[in-house]
Amino acid sequence: MQYAALLRGINVGGNNTVPMAGLRKVFEDAGHTGVRTYINSGNVVFDAPRARTGDLARDLEEAVHQEFAVRTRILVLSGDRVRRIAAGLPDDWERNEEWSCNVLYLFPERASPDALTRFSADPEREETRYCAGAILHRVGRANVGRSALYRLSGDLKDAVTIRTARTARKLAALVAETGKR
């Protein structure tokens, strides 16, 4: 079965450094196959026997800590969920000079439509949608500093890992490719 693992808060501003080649090896040493990483921000696509995503996440968090001495939360999603989230993004939601478009992947304790209310987006400036355990967010570049994403705090702040819409789409494509091997 195909999965994607999203590591929270690694390789940001020179902190929690985890090299992608080493990360691939950690996943392979844990018995996973078809391991691929995407960009240097902790995105891993892999095959594993059917398992509970929470169990996979806990095992991988410990393996990453043992190998790199970095404590990070890892969100493991089934390939189907990764594809559903990417499919939920409107086609015109792209990061460009006018727009910032992101996916806030929610950890299990906050993965419900109620997260959208706690996110507190201003509908005058930004668009949000809930989709399969994620908040899809688009805001005009001129309003990024006043957006709900910029003000993210409280119990929601520690329960998300954020990727651009482009990365979300690429992860869905990688999961699909991994499944065809």
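A short reminder: the numbers here are calculations on the coordinates, not readings from a lab. Being a predicted model, the structure only gives us computed values, none of them experimental. Every residue, glycine among them, receives a Cβ derived from its backbone with ideal geometry; neighbour counts consider all protein chains shown.
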Checklist outcome for this item: So the FRET efficiency between Arg24 and Arg84, C-beta based with R0 = 22 Å and rounded to 0.05, is 0.30
Checklist entry - Ordered by residue, what ³J(HN,Hα) values in Hz, to whole numbers, does segment 122-134 give under the Karplus form 6.51 cos²θ - 1.76 cosθ + 1.60, where θ = phi - 60° and Gly and Pro are x? => result 8, x, 6, 10, 9, 10, 9, 8, 9, 8, 6, x, 8
Item to check | Extension gain, Asp55 back to Ala142 (0.36 nm per residue minus Cα-Cα distance, nm) | outcome: 27.2 nm
Item to check | Length released on extending from Arg166 to Thr117, taking residue separation times 0.36 nm less the Cα-Cα span | outcome: 15.2 nm
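What's the local net charge at Leu56, with K and R +1, D and E -1, over the other residues with C-beta under 12 Å away?
Numbers: positive: Arg50, Arg52, Arg58; negative: Asp47, Asp55, Asp59, Glu61, Glu62.
Taking every other residue near Leu56 into account, the sum is -2.
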Checklist entry - How would you rank His32, His137, His65, going from fewest to most other Cβ atoms within 10 Å of each one's own Cβ? => result His65, His32, His137
Item to check | Spread of Cα-to-Cα distances over 10 Å intervals beginning at zero, given as percent, for segment 115-181 | outcome: 18, 46, 24, 10, 1
Checklist outcome for this item: If each part is reduced to its alpha-carbon centroid, segment 7-26 and segment 102-150 end up apart, in Å, by 25
Item to check | Dipole in debye (nearest 20) - the chain, about Cα centre, beta carbon charges: Lys, Arg +1; Asp, Glu -1 | outcome: 160
Checklist entry - For Ile162, Ile135, Ile39, what's the fewest-to-most ordering of other Cβ within 10 Å of each Cβ? => result Ile39, Ile162, Ile135
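At a 10 Å Cβ-Cβ cut-off, how would you order Asp59, Asp91, Asp29, fewest neighbours first?
On the way: Asp59 15, Asp91 5, Asp29 11.
Exposure proxy ranking, most exposed first: Asp91, Asp29, Asp59.
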Next on the checklist: Within 13 Å, Cβ to Cβ, of Lys157, how many net charges do the neighbouring residues add up to if Lys/Arg are +1 and Asp/Glu are -1?
Outcome noted: +2
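Compute the length gained on full extension between Asp91 and Glu67: take 0.36 nm times their separation in residues and subtract their Cα-Cα distance, giving the result in nm to one decimal.
4.7 nm
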Item to check | Residue range of the chain that is longest and free of GluC sites (Glu not before Pro) which are both DSSP loop and sparsely packed (at most 14 other C-beta within 10 Å) | outcome: 1-96
Checklist entry - In segment 2-81, what is the volume of the convex hull around the alpha carbon atoms, normalised per residue and reported in Å³? => result 79
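Relative contact order for segment 2-81: what percent, with Cα pairs under 8 Å and sequence separation of 6 or more?
Once divided by the residue count of segment 2-81, the mean separation gives 42 percent.
Please tell me the relative contact order of the chain in percent, rounded to the nearest whole number, where contacts are Cα pairs under 8 Å and at least six residues apart. All intermediate terms of the calculation are to be shown ahead of the outcome.
Working: 312 pairs, mean separation 46.5, N = 181.
Reported as a whole number, the value is 26 percent.
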